[in-house]
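Okay, so here's the structure we're looking at.
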Amino acid sequence: MELVVVTRDAEHTFALATRVAELLRAGDVLALSGDLGAGKTVFAKGVGRALGVTTPVVSPTFTVVREYPCTGAARRMVHADVYRLDHVQELHDIGWDDLLDDESIVVVEWGDRVAGALPADRLDIHLELGAASGGADDERTVSFSPSGMSWAARADALAATVAAVSEA
Ligand code: ADP
Ligand code: MG
(Lines give C-alpha, C1' and ligand atoms only; values in the text may rest on other atoms or scores of the structure.)
(Ligands and ions follow the chains in the order given, each with its own letter.)
Protein backbone atom coordinates (compact mmCIF):
# COMPACT_ATOMS: atom_id res chain seq x y z
CA MET A 1 0.00 0.00 0.00
CA GLU A 2 1.24 3.49 -0.78
CA LEU A 3 -0.28 6.76 0.30
CA VAL A 4 0.67 10.06 -1.27
CA VAL A 5 0.09 13.68 -0.35
CA VAL A 6 1.40 16.86 -1.96
CA THR A 7 2.27 19.52 0.61
CA ARG A 8 2.25 23.16 -0.44
CA ASP A 9 4.88 24.54 1.94
CA ALA A 10 7.05 23.68 4.95
CA GLU A 11 4.23 24.39 7.42
CA HIS A 12 2.02 21.91 5.60
CA THR A 13 4.71 19.21 5.79
CA PHE A 14 5.17 20.01 9.49
CA ALA A 15 1.41 19.70 10.05
CA LEU A 16 1.34 16.42 8.13
CA ALA A 17 4.08 15.08 10.39
CA THR A 18 2.27 16.09 13.57
CA ARG A 19 -0.88 14.32 12.38
CA VAL A 20 0.98 11.15 11.38
CA ALA A 21 2.85 11.22 14.69
CA GLU A 22 -0.46 10.99 16.54
CA LEU A 23 -0.59 7.39 15.26
CA LEU A 24 2.82 6.50 16.66
CA ARG A 25 3.60 4.17 19.54
CA ALA A 26 6.78 3.53 21.45
CA GLY A 27 9.01 1.21 19.45
CA ASP A 28 8.07 2.70 16.08
CA VAL A 29 10.66 3.47 13.42
CA LEU A 30 10.20 6.02 10.64
CA ALA A 31 12.64 5.92 7.73
CA LEU A 32 12.73 9.20 5.80
CA SER A 33 14.19 9.33 2.31
CA GLY A 34 14.46 11.87 -0.47
CA ASP A 35 16.87 14.52 -1.71
CA LEU A 36 18.60 17.22 0.28
CA GLY A 37 16.08 19.94 1.00
CA ALA A 38 13.09 17.71 0.41
CA GLY A 39 11.86 18.27 3.98
CA LYS A 40 13.05 15.30 6.02
CA THR A 41 14.18 17.49 8.90
CA VAL A 42 10.98 19.55 8.73
CA PHE A 43 9.05 16.29 9.03
CA ALA A 44 11.16 15.17 12.01
CA LYS A 45 10.48 18.50 13.73
CA GLY A 46 6.74 17.94 13.30
CA VAL A 47 7.04 14.49 14.84
CA GLY A 48 8.93 16.04 17.75
CA ARG A 49 6.18 18.59 18.28
CA ALA A 50 3.49 15.89 18.43
CA LEU A 51 5.54 13.77 20.84
CA GLY A 52 5.93 16.64 23.26
CA VAL A 53 9.62 17.35 22.65
CA THR A 54 10.21 20.73 24.25
CA THR A 55 13.75 21.51 23.09
CA PRO A 56 14.28 22.54 19.45
CA VAL A 57 14.72 19.57 17.12
CA VAL A 58 17.77 20.39 15.01
CA SER A 59 19.32 18.51 12.12
CA PRO A 60 21.59 15.71 13.35
CA THR A 61 23.67 15.76 10.15
CA PHE A 62 26.97 16.26 11.97
CA THR A 63 26.22 14.35 15.16
CA VAL A 64 24.45 11.46 13.35
CA VAL A 65 22.10 10.92 16.31
CA ARG A 66 20.29 13.18 18.76
CA GLU A 67 17.97 12.07 21.54
CA TYR A 68 15.06 14.08 22.93
CA PRO A 69 12.98 13.27 26.01
CA CYS A 70 9.27 13.05 25.17
CA THR A 71 6.05 13.42 27.07
CA GLY A 72 3.93 11.81 24.37
CA ALA A 73 3.62 8.24 23.11
CA ALA A 74 7.24 7.38 23.94
CA ARG A 75 9.87 8.27 26.51
CA ARG A 76 12.27 9.55 23.94
CA MET A 77 12.59 10.45 20.31
CA VAL A 78 15.76 9.35 18.56
CA HIS A 79 16.49 11.49 15.51
CA ALA A 80 19.26 10.26 13.22
CA ASP A 81 20.72 11.44 9.92
CA VAL A 82 22.96 8.85 8.31
CA TYR A 83 23.90 11.00 5.29
CA ARG A 84 27.52 11.35 6.35
CA LEU A 85 28.09 7.72 7.22
CA ASP A 86 30.22 5.73 4.80
CA HIS A 87 29.21 2.36 6.11
CA VAL A 88 26.37 0.85 8.14
CA GLN A 89 28.98 -0.52 10.55
CA GLU A 90 29.55 3.04 11.81
CA LEU A 91 25.95 3.07 12.94
CA HIS A 92 26.43 -0.11 14.94
CA ASP A 93 29.64 1.38 16.39
CA ILE A 94 27.71 4.29 17.90
CA GLY A 95 25.37 1.91 19.73
CA TRP A 96 22.50 2.00 17.26
CA ASP A 97 21.00 -1.30 18.39
CA ASP A 98 20.54 0.05 21.92
CA LEU A 99 18.70 3.10 20.58
CA LEU A 100 16.08 0.96 18.84
CA ASP A 101 14.20 0.02 21.97
CA ASP A 102 10.60 -0.30 23.11
CA GLU A 103 10.57 3.10 24.76
CA SER A 104 11.72 5.13 21.79
CA ILE A 105 10.30 6.48 18.59
CA VAL A 106 13.09 6.53 16.02
CA VAL A 107 13.18 8.88 13.02
CA VAL A 108 16.01 8.24 10.54
CA GLU A 109 16.83 10.64 7.72
CA TRP A 110 18.25 8.81 4.67
CA GLY A 111 16.88 5.68 6.31
CA ASP A 112 16.73 3.94 2.92
CA ARG A 113 20.55 3.83 3.01
CA VAL A 114 20.59 1.75 6.18
CA ALA A 115 17.44 -0.28 5.69
CA GLY A 116 19.30 -3.40 6.81
CA ALA A 117 19.88 -1.82 10.23
CA LEU A 118 16.16 -1.05 10.65
CA PRO A 119 13.33 -3.36 11.70
CA ALA A 120 11.11 -4.74 8.92
CA ASP A 121 8.12 -3.33 10.79
CA ARG A 122 8.41 0.36 10.02
CA LEU A 123 6.98 3.33 8.19
CA ASP A 124 8.96 4.45 5.14
CA ILE A 125 8.32 8.04 4.11
CA HIS A 126 9.70 9.41 0.85
CA LEU A 127 9.77 13.15 0.21
CA GLU A 128 10.34 14.54 -3.26
CA LEU A 129 10.87 18.06 -4.49
CA GLY A 130 7.91 19.24 -6.51
CA ALA A 131 4.62 17.69 -7.47
CA ALA A 132 3.90 15.27 -10.30
CA SER A 133 1.96 17.97 -12.11
CA GLY A 134 4.77 20.54 -11.94
CA GLY A 135 3.51 23.34 -9.73
CA ALA A 136 5.07 25.68 -7.20
CA ASP A 137 8.64 25.51 -5.84
CA ASP A 138 7.46 24.83 -2.32
CA GLU A 139 5.48 21.75 -3.23
CA ARG A 140 6.71 18.38 -2.01
CA THR A 141 5.33 14.96 -2.80
CA VAL A 142 5.27 12.83 0.35
CA SER A 143 4.69 9.08 0.00
CA PHE A 144 4.08 6.68 2.87
CA SER A 145 4.89 2.96 2.66
CA PRO A 146 3.92 1.11 5.85
CA SER A 147 5.37 -2.37 6.42
CA GLY A 148 4.75 -5.06 8.99
CA MET A 149 2.03 -6.19 11.35
CA SER A 150 1.83 -3.13 13.52
CA TRP A 151 1.33 -0.89 10.49
CA ALA A 152 -1.18 -3.25 8.91
CA ALA A 153 -3.29 -2.65 12.02
CA ARG A 154 -2.99 1.11 11.53
CA ALA A 155 -3.41 1.19 7.73
CA ASP A 156 -6.91 2.64 7.79
CA ALA A 157 -5.97 5.27 10.33
CA LEU A 158 -2.92 6.27 8.31
CA ALA A 159 -4.97 6.49 5.12
CA ALA A 160 -7.55 8.67 6.88
CA THR A 161 -4.84 10.96 8.23
CA VAL A 162 -3.17 11.37 4.86
CA ALA A 163 -6.52 12.07 3.20
CA ALA A 164 -7.41 14.68 5.82
CA VAL A 165 -4.09 16.51 5.47
CA SER A 166 -4.33 16.33 1.71
CA GLU A 167 -7.61 18.21 1.80
CA ALA A 168 -6.55 20.69 4.48
P1 ADP B 1 16.14 17.68 4.32
O2 ADP B 1 16.23 17.33 5.77
O3 ADP B 1 15.30 16.72 3.52
O4 ADP B 1 17.48 17.91 3.68
P5 ADP B 1 15.05 20.15 5.31
O6 ADP B 1 13.82 19.75 6.04
O7 ADP B 1 16.27 20.45 6.10
O8 ADP B 1 15.36 19.06 4.18
O9 ADP B 1 14.78 21.43 4.44
C10 ADP B 1 13.65 21.60 3.65
C11 ADP B 1 13.68 23.04 3.14
O12 ADP B 1 12.69 23.25 2.16
C13 ADP B 1 13.40 24.02 4.27
O14 ADP B 1 14.17 25.18 4.03
C15 ADP B 1 11.91 24.30 4.10
O16 ADP B 1 11.55 25.58 4.59
C17 ADP B 1 11.77 24.25 2.59
N18 ADP B 1 10.44 23.86 2.13
C19 ADP B 1 9.73 24.52 1.19
N20 ADP B 1 8.58 23.90 0.93
C21 ADP B 1 8.54 22.80 1.73
C22 ADP B 1 7.59 21.76 1.90
N23 ADP B 1 6.45 21.67 1.19
N24 ADP B 1 7.88 20.80 2.82
C25 ADP B 1 9.04 20.84 3.51
N26 ADP B 1 9.98 21.80 3.38
C27 ADP B 1 9.73 22.78 2.49
MG1 MG C 1 17.79 16.88 7.04
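Ignoring any ligand, DNA or RNA, what whole percent of the accessible area of the chain comes from carbon and sulfur when the probe is 1.4 angstrom? Accessible surface attributable to carbon and sulfur in the chain totals 50 percent.
Of all DSSP beta bridges confined to the chain, the antiparallel ones make up roughly 60%. For the residues T63, T18, a 1.4 Å probe over the protein chains yields an accessible-area ranking, largest first, of T63, T18.
Mean 1/r over all different Cα pairs, inverted: what Kirkwood radius does the stretch 67-168 give, in Å?
Averaging 1/r across every pair of different Cα atoms and inverting gives 15.7 Å.
Accessible surface area normalised per residue over the stretch 1-101 is 49 Å², counting heavy atoms of protein chains with a 1.4 Å rolling probe.
Overall form of the stretch 37-115: oblate. Here a/c, set by the Cα gyration tensor axes a ≥ b ≥ c, is 1.5 or more, and a/b is not larger than b/c. Residues S166, S133, ordered by accessible area of protein heavy atoms at a 1.4 angstrom probe radius and largest first, appear as S133, S166. Residues considered: G135, G27, G52. Largest GNM mean-square fluctuation over the chain, using C-alpha springs under 10 Å, is found at G135.
For the stretch 116-168, the solvent-accessible area with a 1.4 angstrom probe is 49 square angstrom per residue.
Alpha carbon centre of the stretch 110-168 versus the stretch 16-82: separation in Å? Answer, in whole Å: 14. Accessible area ranking (1.4 Å probe, heavy atoms, ligands and nucleic acids excluded), largest first, for H92, H79: H92, H79. Give the shape of the stretch 109-160 as rounded, prolate or oblate, defined through the alpha-carbon gyration tensor: a ≥ b ≥ c are the square roots of its eigenvalues, a/c under 1.5 means rounded, and otherwise the shape is prolate if a/b is larger than b/c and oblate if not. Since a/c reaches 1.5 but b/c is at least a/b, the shape of the stretch 109-160 is classed as oblate. Measure nothing but the geometry: give the 0 to 90° angle between the long axis through the Cα atoms of 10-21 and the longest principal axis through the Cα atoms of the chain, rounded to 10°. Orientation of helix 10-21: about 60 degrees from the principal axis.
Nearest 10 degrees is fine. How inclined is helix 155-167 to the longest principal axis of the chain, computing both from alpha carbons? With rounding to tens, the tilt is 50 degrees.
For the chain, the longest principal axis of the Cα atoms and the long axis of helix 40-50 meet at an angle of about 80 degrees.
The values are calculated or read from the model by the stated rules, or taken from the named source; none is laboratory data. These figures come from a predicted structure and were not determined experimentally. Remember, those area values only see protein heavy atoms, side chains included, never the ligands or the DNA or RNA. Shrake-Rupley method; radii C 1.70, N 1.55, O 1.52, S 1.80 Å.
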